[in-house]
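Some notes on the structure that comes next.
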Amino acid sequence: MSLLTTWGYTLTEINELPDMLESSDFNDLTAGKYANDKRVEPDIAAASAAVRNYCGWHVYPSEACQLNTTFYDRRVGVVYREIMIQLPAAYVTEITSIKIGGVDHEDYVLETNGMLRIFNVEWSNVHRYTKIIIDYTAGLPDELMYAVKELIAHRVTHALASSAGVQSETAGGVSITYNAGWVNSARATALADDNKEVLQPYRIQGVF
C-alpha cells in the first residue's frame, strides 16, 4: 500500500489522502447551515487539494514518507562531502532511515525548516552520482490543524454562498464579506491572499 504523490515523494502506508476537513466538522463550524447541501463534500475535497498544492506537500495527516533522489557530483578527488536536501515537508517529526548507495547512513542533522544535512558522504569516482533513499514521518496532527480546517471551511462557505450571489453572511464561527471580484469567483480552490498568509507556515521552501 503506497501513494506516489505529485510533489515528488511517496506516502508508504496509505493509498489515498483524506480530506483535511470532515463534513461533520464543517457543519460544526457553520452551525449546520449547509448540512444538507450535496456540494459540501466535493468542495471540501477541492479546497483540500488546493491547500496541498499551494503548500507543496500533503500537509495532513502525519504519515510515513519516502523520498528517492539522486545526487550528482562532478568534482574529482573529493573523498567525502556534505549533501543538503530540502525535504518536501514543513513538519518532519522523524527520520526513520537514510540509505546512500544502498548503505545505511546515520551522520546527519535535520533542521527545523525541513533542510536535511548529510555529512561524510563518500564520493564515487566510478559513477559520480549517488542514489539516496530517505524514509521519514511528516504531516500535521489533528491538534495542529485548526487554522487550516477553519480556512477550508471559509473557502467552502465562500464557494457555496458566492454561487448563490450572496454578498456577505455569518455561519457559526465563520463570517465572510465578499467584494465584487470574489463574488464572481465561486471556486473552493481560489485561495485569496489572506488564505495564503495563513498557509505560509506550512509551505515548504522552494514552492512559488
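Observations, loosely collected:
- Whenever a residue of the stretch 87-110 is more than 16 Å from T10 (Cα to Cα) and without any contact (Cβ under 8 Å) to a residue 12 or more places away in the chain, its partners that are surrounded by 13 or more Cβ atoms within 10 Å (Cβ to Cβ) and of a type in the set (V, I, T), lying with C-beta atoms within less than 9 angstrom and at least six residues away or across chains, give the pairs D104/I98; E106/I98; V109/I118.
- Among the residues of the stretch 18-65, the ones that are assigned to a helix (DSSP H, G or I), over 17 Å from A161 (Cβ atoms) and of a type in the set (F, W, Y) come to 1 in all.
- Residue that is nearest to G8 (Cα to Cα) [pool: residues in the stretch 65-86 that are modelled with pLDDT of 85 or more and buried (at least 16 other Cβ atoms within 10 Å of the Cβ)]: L67
- Extreme residue, modelled with the lowest pLDDT, among residues of the stretch 189-208 that are out of contact with any Leu (no Cβ under 7 Å at 6 or more places or on another chain) and of a type in the set (S, T, N, Q): Q205
- In the stretch 16-32, the residues that are in contact (Cβ under 8 Å) with a residue 40 or more places away in the chain reach residues that are aromatic (F, W, Y) with C-beta atoms within less than 7 angstrom, at least six apart or across chains, in these pairs: M20/Y60.
- Within the stretch 22-39, the set of residues being surrounded by 17 or more Cβ atoms within 10 Å (Cβ to Cβ) and either over 20 Å from T189 (Cα atoms) or under 14 Å from the mean Cα position of the chain (by Cα) (or both) comprises K33 only.
The values are calculated or read from the model by the stated rules, or taken from the named source; none is laboratory data. This structure is a prediction, so every number in the text was calculated from the model and none was measured. Heads up, the Cβs are rebuilt from the backbone with ideal geometry, glycines too, and the neighbour counts pull from every protein chain shown.
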